[in-house]
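Asks: If you scroll down you'll find the structure; I have some questions about it.
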Amino acid sequence: MAPVVEAVDLARHYQERQGLFAGNKTLKALRGVGFSMPAGRTLAVVGESGCGKSTLARLVTLIERPTSGTLRLDGIDAGTADKSTLRELRRKVQIVFQDPYGSLNPRKKVGAILEETLAINTPMDAAERAVAAREMMARVGLRPEFYDRYPHMFSGGQRQRIAIARALMLSPRLVVLDEPVSALDVSIQAQVLNLLADLQAELNLTYLFISHDLSVVRHFADEVMVMYLGRAVEQGPREAIFSSPRHPYTRALLSSTPIADPRRRGERIKLVGELPSPLNPPPGCAFHPRCAYANERCLAEFPENFNVEGRLVACHGVEEGRIG
Ligand code: SF4
């Protein structure tokens with residue numbers, strides 16, 4: 001059976017104007033990203049702000065087209081699909097945004113918000129749409145009387161439940177979760193994550209989970225992709241990434257998240273310096289200005305991905321055995 005989503009060598013470049021006489025410069029927001037996800041699994045994409053996570057979300061949700069590379073949804077190449085097939089594919093991919101306040105229309109009641117997408121995309125009549133909306137509300141833990149209320153009448157966690165319900169109205173195969181709990185209180189985060197896990201098990205959903213919070217990813221993901229300046233620098237099963245991270249950037253990210261195990265406290269690595277501009281990335285390994293293991297080769301040669309202990313890593317130091 002074809003994976004629900006498969007990305008091969010995806011790239012997205014933007015032309016940025018540099019002023020009247022300086023011409024354009026190419027911003028490589030995404031470079032050579034690939035992954036494959038079967039039904040019912042979660043891929044977490046992590047990295048600092050500006051690493052390419054949001055660009056990847058826009059490509060996977062078909063909001064933008066890649067500059068190069070291939071994106072397949074349920075085995076169908078979105079790059080060569082005709083208009084009606086693309087419309088079908090768009091129904092299969094939905095997104096839940098970070099900000100449940102901004103993503104819901106404040107002038108519409110919950111019932112109308114949930115039914116709107118059915119009215120646009122299905123032949124269901126008004127009565128059928130109302131039944132479907134009420135069923136979905138029950139599924140995400142919203143009480144029936146909320147049907148006639150406006151978004152501003154709800155807490156952040158309840159609004160995110162409404163956003164999740166809306167994303168599921170068209171029975172998608174893939175849901176992109178773009179920092180879905182980072183705007184919520186910690187106590188509410190756990191409730192929303194539990195709901196997402198239950199819905200995944202019940203509906204066999206595939207999640208692309210975008211987050212900067214590794215403590216959330218640790219409990220939620222099956223696979224993890226660590227991104228730096230538009231490319232994946234380490235990707236593999238969650239256990240491998242969290243128990244024995246190999247890329248220095250992954251180690252630094254993990255070091256910055258709180259850990260309960262006092263034996264691991266000595267391994268902390270501080271991430272120094274800013275993320276360089278993708279308009280002017282450093283040569284060789286883009287992480288070299290911030291890496292304690294950088295050598296001459298790192299400054300000159302782009303590190304390709306290679307397989308080590310069940311995950312892909314792009315690092316000369318790991319390949320040379322300098323980083324164990
Ligand atoms: Fe550090 Fe070199 Fe590995 Fe880049 S390739 S992460 S600079 S050791």
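Asks: Choose one of Leu205, Gly111, Met1: the residue whose Cα lies farthest towards the positive end of the charge dipole of the chain (beta-carbon charges +1 Lys, Arg; -1 Asp, Glu; about the Cα centre).
Replies: Gly111
Asks: Would you mind ranking Lys109, Lys83 so that the residue whose beta carbon has the fewest other beta carbons within 10 Å leads the list? Mind showing how you got there, number by number?
Replies: Values: Lys109 16, Lys83 7.
Ascending Cβ contact count within 10 Å gives the list Lys83, Lys109.
Asks: Under 25 Å Cα-Cα from Lys83, which lysines qualify once same-chain neighbours fewer than 8 residues away are excluded?
Replies: Reachable lysines: Lys92.
Asks: Projected area of the chain, taken from the Cα convex hull and averaged over every viewing direction, in nm²?
Replies: Across all orientations, the chain yields a mean hull projection of 19.4 nm².
Asks: Using a cut-off of 10 Å between beta-carbons, work out the net charge of the residues near Gly79 (Lys and Arg +1, Asp and Glu -1, Gly79 not included).
Replies: +1
Asks: Sort the stretch 173-262 into rounded, prolate or oblate with this rule: let a ≥ b ≥ c be the square roots of the eigenvalues of the Cα gyration tensor; rounded if a/c is under 1.5, and if a/c is not under 1.5, prolate when a/b is larger than b/c, oblate otherwise. The partial results should precede the final answer.
Replies: Numbers: a/c = 1.82, a/b = 1.39, b/c = 1.31.
Because a/c hits 1.5 or more and a/b exceeds b/c, the stretch 173-262 counts as prolate.
Asks: Still on this structure, please answer the following. What do you get for the angle between helix 156-168 and the principal long axis of the chain? Use alpha-carbon atoms, 0 to 90 degrees, nearest ten.
Replies: Helix 156-168 sits at roughly 80 degrees to that axis.
Asks: I've got another one for you. For Glu304, project a label point 7 Å along Cα to C-beta. Then give me every residue of the stretch 23-39 with its amide nitrogen under 18 Å of that point.
Replies: Only 31-35 pass the distance filter.
Asks: Roughly what would the spin-label model give for Glu135 and Asn204, points 7 Å off Cα along C-beta, in nm?
Replies: 1.7 nm
Asks: If you take the square roots of the eigenvalues of the alpha-carbon gyration tensor of the stretch 77-213 and sort them as a ≥ b ≥ c, do you get rounded (a/c under 1.5), prolate (a/b over b/c) or oblate? Could you put the intermediate results ahead of the total?
Replies: Working: a/c = 1.73, a/b = 1.13, b/c = 1.53.
Taking the square roots of the gyration eigenvalues as a ≥ b ≥ c, the stretch 77-213 is oblate.
Asks: Would you tally the net charge around Asn194, using a Cβ to Cβ cut-off of less than 13 Å, leaving Asn194 out, and scoring K and R as +1, D and E as -1? Please report the intermediate quantities before stating the final value.
Replies: Details: positive: Arg161; negative: Asp198, Glu202.
For residues surrounding Asn194, the net value is -1.
Asks: At a Förster radius of 22 Å, what calculated FRET efficiency corresponds to the Cβ-Cβ distance of Tyr101 and Glu145, to the nearest 0.05?
Replies: According to the calculation, E is roughly 0.55.
Asks: Can you tell me the orientation of helix 186-203 relative to the chain, as the angle in degrees between its alpha-carbon axis and the longest Cα principal axis, to the nearest 10?
Replies: For helix 186-203, the angle is close to 70 degrees.
Asks: Related question: List the lysines whose alpha-carbon lies under 30 Å from that of Lys25, not counting same-chain residues fewer than 8 positions away?
Replies: Candidates past the 8-residue exclusion: Lys53.
Asks: Around Cys298, what is the net charge, scoring Lys/Arg as +1 and Asp/Glu as -1 over all other residues with Cβ under 14 Å from its Cβ?
Replies: Result for the neighbourhood of Cys298: -2.
Asks: If neighbour count is taken as other Cβ atoms inside 10 Å, put Thr250, Thr117 in order from fewest to most.
Replies: Thr117, Thr250
Asks: To continue, here is another question. What angle, in degrees between 0 and 90 and rounded to the nearest 10, separates the Cα long axis of helix 110-121 from the longest principal axis of the Cα atoms of the chain?
Replies: Orientation of helix 110-121: about 80 degrees from the principal axis.
Asks: If you take the beta carbon distance between Ser243 and Leu279 as r and set R0 to 35 Å, what does 1/(1 + (r/R0)^6) give as a FRET efficiency, to the nearest 0.05?
Replies: The formula returns an efficiency of 0.45 here.
Asks: Let me ask you something else. With only Lys, Arg, Asp and Glu charged, each at its Cβ (+1 for the first two, -1 for the last two), find how big the charge dipole of the chain is about the Cα centre; round to the nearest 20 debye.
Replies: Taking the Cα centre of the chain as origin, the dipole is about 520 debye.
Asks: Distance in nm between label sites at Arg17 and Glu319, each 7 Å beyond Cα in the beta-carbon direction?
Replies: Spacing of the two 7 Å Cα→Cβ label points: 4.0 nm.
Values quoted throughout were computed directly from the atomic coordinates according to the rules given, and no laboratory measurement underlies them. Keep in mind it's a predicted model, so treat the numbers as computed, not measured. A quick note on method: Cβ atoms are made from the backbone with ideal geometry, for glycine too, and the neighbour counts reach across all protein chains shown.
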